[in-house]
Every structure is written in structure tokens, then in C-alpha cells.
Amino acid sequence: MTSAERELLNHYRQLSPPQQQTAQDFLAFLSARKQALVPEDAPLPVAIDRPEQESVVKAIKRLRATYPMLEPNKLLHDTSNQMSRHMIHSVPAVEVIDELELVFRRHYEAHIAKFQPD
């Protein structure tokens, strides 16, 4: 849960039951609206060049800096799987980093999809 979600939950818990219902109704209304966002609102990745020689750990740090809009918790499973492939199964770092590039790109594309009009 993000800090914003925790804060929202704390505020919600301070409301009376009728106020909680009003908040739920309002959130349902907002989420049902198909408000198109201006394409400029979609966050863009930060251009960070991939060095020729890079460890998997440094690649993950670089990719996190490249895609600061992505939530680290949502990437944890995929990045730890790739790290395991490298450390336990001896998959070369270059292969793992190539796959990490794709993982972060897929997560980014899923993230910006919500900025696209339906």
C-alpha cells in the first residue's frame, strides 16, 4: 500500500458511516468517469544510457531511475526472478539485463495505458 493509499484509508476511517458511504459513492463516480487525459500528462521515462559493462544490480538501479513513475512494489516479483536467474541459474548478466529492460518497459506501457483515451 502506498503512502497516499494509507493516508486515504486513515481519512476514511475518521468518517462516520454515512460520510463513508458518501466517500464511496464519490470515488465510484470518479472512477466511472471516462476523463481523457492530455497526452502531455503521461509521464515519460528519463533517458539514461545503458553502459557497456553493467551488473544486474546496477541495471535495476538504472531502470528504476529511468522509470521513476513505476511503483517498486509492483516490480519486485519480476526483478527478483531475474536476479535469481542470474545468481542461482548462472544466466549471464547481459541476458538478464535485456530481460529486465523488457520487464520495465512492459510495466511502463501498462502504467501509461491509463493515460490513453478509451
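The values are calculated or read from the model by the stated rules, or taken from the named source; none is laboratory data. Everything numeric in this text was worked out from a predicted model, so none of it was measured. We place every Cβ from the backbone using ideal geometry, glycine too, and count neighbours over all the protein chains shown. Side chains included, ligands, DNA and RNA excluded: accessible areas come from the protein's heavy atoms. Shrake-Rupley method; radii C 1.70, N 1.55, O 1.52, S 1.80 Å.
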Legend entry - Where 79, 2 fall by accessible area, highest first, once all protein chains stay in place (1.4 Å): 2, 79
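Residue separation times 0.36 nm, minus the C-alpha to C-alpha distance between residue 7 and residue 90: what's the value?
In short, 25.6 nm is gained.
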Inset, instruction - Counting only C-alpha contacts under 8 Å and six or more residues apart, can you give the relative contact order of segment 63-118 as a whole percent? - result: 40
Inset, instruction - Could you state the angle between the C-alpha long axis of helix 56-66 and the longest principal axis of the C-alpha atoms of the chain, as a value from 0 to 90 degrees rounded to the nearest 10? - result: 40
Legend entry - Relative contact order computed over the chain (Cα-Cα under 8 Å; 6+ residues apart), in percent: 32
Legend entry - Folded to 0 to 90 degrees: helix 17-32 orientation relative to the chain principal axis, Cα: 50
Inset, instruction - Using only Cα atoms, tell me the angle between helix 72-87 and the longest principal axis of the chain; keep it within 0 to 90° and round to the nearest 10. - result: 20
Inset, instruction - Using R₀ = 25 Å, calculate the FRET efficiency as 1/(1 + (r/R₀)^6) where r is the Cβ-Cβ separation of residue 77 and residue 53; round to 0.05. - result: 0.40
Inset, instruction - Just read off the accessible area of residue 86 with the full protein assembly in place, 1.4 Å probe, to the nearest 10 Å². - result: 50
Inset, instruction - Using only protein heavy atoms and a 1.4 Å probe, report how much of residue 1 is accessible, in Å² to the nearest 10. - result: 130
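What order do 97, 88 take when sorted by accessible area (1.4 Å probe), most exposed first? Write out the running numbers ahead of the final one.
Details: 97 5, 88 125 Å².
Ranked list, largest accessible area first: 88, 97.
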Inset, instruction - Report residue 29's accessible area, 1.4 Å probe, all protein chains in place, as a number in Å² to the nearest 10. - result: 110
